[in-house]
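Below is one structure, written out as structure tokens, with a few remarks after it.
The values are calculated or read from the model by the stated rules, or taken from the named source; none is laboratory data. Just so we're clear, the structure is a prediction, and the values are computed from it rather than from any experiment. Cβ placement follows ideal geometry from the backbone for every residue including glycine, while neighbour counts extend to all protein chains displayed.
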Amino acid sequence: MNYKNPDDNGYYGEFGGAFIPEMLYPNVEELQKNYLGIIESEEFQKEYQDLLKNYVGRATPLYFSKNLSKKYHTKVYLKREDLNHTGAHKINNALGQVLLAKRLGKNRIIAETGAGQHGVATATACALLGLKCIVYMGEVDIQRQAPNVARMKMLGAEVIAATSGSKTLKDAVNEALRDWINNPVTTHYVIGSVVGPHPFPDLVARFQSIISKEIKEQLHEQIGRETPDYVIACVGGGSNAAGTFYHFVNEENVKIIAAEAGGLGIDSGKSAATTFLGTLGVLHGSKSLVMQTKDGQVIEPHSISAGLDYPGIGPFHAHLHKENRAEFFSINDDQALKAAFELTKLEGIIPALESAHALAVLEQKKFNENDVVVICLSGRGDKDMETYLKNM
Ligand SMILES: *Cc1c(COP(=O)(O)O)cnc(C)c1O
């Protein structure tokens, strides 16, 4: 089976598609028709790869973690996405999409953001490439994430509060979609994960696939073979995971592990573990697994990490789950905290709380001594210091 890319209609098995109001058809169809031609062109790749190297700082290291390896009696490698400019993998996608928008003749960028990480990455790309940037953010999140709001403003973005509903991420998405409907000619909507209507999940996965492309090359260089035994990543919407898995999903020998945010536990009513709690539904333009009530009301998720606090999962991952191609773990808040403190102490690396969910899999699963286990360290922990301080 081909797990990597969707079919022509944007489906990964039964998941995906484009479920959007008619008013959005022209925008989405323009993208569907043009995205592959543009991003695969030599001219686009030349500019994109040059920026990834000289602006973002790629390739990020693949670091053999001697101390974690010793503790867990296996061979642990960390893919250091935390060392990217702006501190996480999100810049890989934001830069790619803003470059694409320019080639589509757009001069105005909109984005939604929850914790502010994707907003900062998009505002950064817009500052660099000279496009106007508007970021929609829930009013509650604006208050919770003041440092990132300040960063976006300093980068020249306009931050607009979403004041409806729970005033959080899903309300910001609704505002962004409304804006896009009203400004179809001038504006591109930079979605921040492998979610949304086709072609966004495929577009974002392709931009993030640089992660597994580099892992292959670096493993070859370091151990003389291109494939690990395991790849592990955390899943919010699923973009760092899609990038980490991309070049391995069709390689049968590579086992794939996804870590979701269990919150206070899957039975606690305060969780974000979508594959454990979700059912088939439509959220933000695609058919996938969604945490929802029997009548289709989205259930408010909970996670200690803002980046995993999402009631859905991208169709790429829903498909891996359905076909048992990936093993899913639900990692609770306290387990993630423990893993974050452990990495800091053993290796001198303070990870993002999101990434700590992937690290926590080491406690949950027994690996063999000779297994090569690659974990995506999706971001750094600076933004989480307040939470870490409270739990010291
Ligand atoms: C946003 C974020 C995530 C979650 O998003 P995905 O699309 O699932 O990758 C994970 N880690 C970090 C550091 C983030 O900022």
Residue satisfying all of: in the stretch 223-242; in a loop (DSSP other than H, G, I, E, B) and within 16 Å of the ligand (Cβ to nearest atom); farthest from His319 (Cα to Cα) among these: Gly236
- request: Would you check if there is a residue in the stretch 168-182 being at pLDDT 95 or above, away from the ligand (no atom under 15 Å from the Cβ) and within 30 Å of Glu226 (Cβ to Cβ)?
  value: no
query: Pairs, please: C-beta under 6 Å, at least 6 apart or cross-chain, first residue within 15 Å of Ser69 (Cβ to Cβ) and in the stretch 337-362, second among the aromatic types (Phe, Trp, Tyr) and modelled with pLDDT of 95 or more?
result: Val361/Phe329; Leu362/Tyr72
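Output the residue which, of all residues in the stretch 358-392 that are part of a loop (DSSP other than H, G, I, E, B) and within 16 Å of the ligand (Cβ to nearest atom), is nearest to Leu219 (Cα to Cα).
Here is the first cut: in the stretch 358-392, the residues part of a loop (DSSP other than H, G, I, E, B) are 360, 365-371, 378, 381, 391-392.
This time we only want the ones that are within 16 Å of the ligand (Cβ to nearest atom), so: 360, 378, 381.
Values: Ala360: 23, Ser378: 18, Gly381: 26 Å.
Selected residue: Ser378.
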field: Matching residues, the stretch 51-99, being part of a strand (DSSP E or B) and under 14 Å from the mean Cα position of the chain (by Cα)
entry: Ala88
- prompt: What are the residue pairs meeting all of these: first residue in the stretch 213-239, first residue under 17 Å from Phe329 (Cβ atoms), second residue more than 16 Å from the ligand (Cβ to nearest atom), Cβ atoms under 6 Å, and 6 or more apart or on different chains?
  reply: Asp229/Asp371; Asp229/Val372; Tyr230/Lys255; Tyr230/Val373; Val231/Phe248
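For (1) closer than 14 Å to Asp202 by Cα; (2) surrounded by 22 or more Cβ atoms within 10 Å (Cβ to Cβ), each residue gets a yes or a no:
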| site | (1), (2) |
| --- | --- |
| Asn2 | yes, no |
| Pro6 | yes, yes |
| Glu14 | no, no |
| Leu24 | no, no |
| Lys75 | no, yes |
| Val98 | no, yes |
| Ala101 | no, yes |
| Gly114 | no, yes |
Count - residues of the stretch 100-115 that are in contact (Cβ under 8 Å) with a residue 60 or more places away in the chain and either under 28 Å from Glu386 (Cβ atoms) or assigned to a helix (DSSP H, G or I) (or both): 8
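Which of the residues that make up the stretch 336-357 are under 14 Å from Ser303 (Cα atoms) and either away from the ligand (no atom under 16 Å from the Cβ) or crowded, with 24+ Cβ neighbours inside 10 Å (or both)?
Here is the first cut: in the stretch 336-357, the ones under 14 Å from Ser303 (Cα atoms) are 336-337, 352-357.
Matches in the stretch 336-357: Ala336, Ala352, Leu353, Glu354, Ser355, Ala356, His357.
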statement: Out of (1) surrounded by fewer than 17 Cβ atoms within 10 Å (Cβ to Cβ); (2) farther than 26 Å from Val28 by Cα; (3) modelled with pLDDT of 95 or more, the one Gly278 does not meet is (1)
